[in-house]
Amino acid sequence: MKKTLCLTALVAVAAGLAFASCQKEDNSSNGNGTPAPAGAETLTLTAADVEFTLVRVEPGTFRMGANEGDDQAFDREKPAHEVTLTKPYYIATTEVTQELYAAVTGGNPSNFMGEAGLPVETVDYTDAVAFCARLSELTGRTVTLPTEAQWEYAARGGHKAPATPTLYAGGDDLDAVAWWSGNSDGKTHPVGGKAANALGLYDMTGNVLEWCLGWYGTYTADAVSDPQGPSEGSYRVPRGGSWNINARFCRLSYRYDNSPDRGGLNLGFRVVVLP
Ligand SMILES: [Ca+2]
């Protein structure tokens, strides 16, 4: 993972501050040395000396849940229903890395270590929410987890989604877009190592599961706007499959329900920043 120091951070460090942030909007890089998609509007933030990049997702309407004719789908993915997201948001191009997590929290709970750019894991829901709150302080922006609807819309490609929905984020070829149980060699891998989806997002499918904001609830057929999930519940919602999960459970519409305090070694997250 590329680390950079921006001028603001240098000045702030010189002033004796432990953390600083800066931000810029450009089309130049996703933070991993891979060019961002042409025309993508990106936002690059820095916390301490670790840079990360987000892509702007425009408002839109999509079909959330299991695709018609998906014979692999479970009841929890149905019924597919129309969801409208009325506000734009920025979503990180990658899962939160161990470098960023350590810079923000001072710790790293991960099971897998030793390579640059590995996603943080063994993070429970409370850890992820606390990270977002701290990152909000450091960057001066509103940083949150994505709602489940924001996650799925972005995974499908958002306002750049292909006309035909894909099985996984970025395509139907799981090996091309994801680290999953069939190719991971039993471990996580540096973020951004597989093909991005139409928005320029990496590892939305696979590598680590990603905690979403809100409680787990069953779907209804009603069209909804900006769904936040139930007002109360017992389980949170990790999405996207992971390095130790088989193909059926890596399908884009599949949803887990996990206790908020259960942070397994396949559980990480990515952040959303509000404009
Ligand atoms: Ca993932």
Quiz item: Extension gain Ala133-Arg248, at 0.36 nm per residue separation less the Cα-Cα distance, in nm?
Solution: 38.1 nm
Quiz item: By how many nm would the segment from Asp49 to Ala176 lengthen if fully extended, with 0.36 nm per residue of separation less the alpha-carbon distance?
Solution: 42.6 nm
Quiz item: Which whole-angstrom value gives the distance between the alpha carbon centres of segment 175-204 and segment 38-108?
Solution: 14
Exercise. Sum -39500 (n - 2.57) across every DSSP H segment of at least 4 residues in the chain, then divide by the residue count to get the 222 nm mean residue ellipticity, nearest 500.
Key: -4500 deg cm²/dmol
Quiz item: Distance in nm between label sites at Asp222 and Thr164, each 7 Å beyond Cα in the beta-carbon direction?
Solution: 3.5
Quiz item: Normalised by the number of residues in the chain, what is the relative contact order in percent for Cα pairs under 8 Å and 6+ residues apart?
Solution: 22
Quiz item: Remind me, what semi-axes does segment 153-275 give for its equivalent ellipsoid, largest first in whole Å, using sqrt of 5 times each Cα gyration tensor eigenvalue?
Solution: 22, 19, 13
Quiz prompt | Near-label residues of segment 120-160 by backbone N, under 16 Å of a point 7 Å along Cα→Cβ of Asn111 | solution = 120-125
Quiz prompt | Rh (Kirkwood; distinct C-alpha pairs) - the chain, Å | solution = 18.5
Quiz item: Can you give the FRET efficiency for Ala102 and Lys187, using 1/(1 + (r/R0)^6), R0 = 25 Å, r = Cβ-Cβ distance, to the nearest 0.05?
Solution: 0.85
Quiz item: How far, in nm, would the chain grow between Ser231 and Phe74 when pulled straight, counting 0.36 nm per residue and subtracting the alpha carbon separation?
Solution: 54.2 nm
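Coordinate-derived values only; no laboratory data. Quick caveat: nothing in here was measured; it's all calculated off a predicted structure. Every residue, glycine as well, gets a Cβ built from its backbone with ideal geometry; the counts of neighbours run over all protein chains shown.
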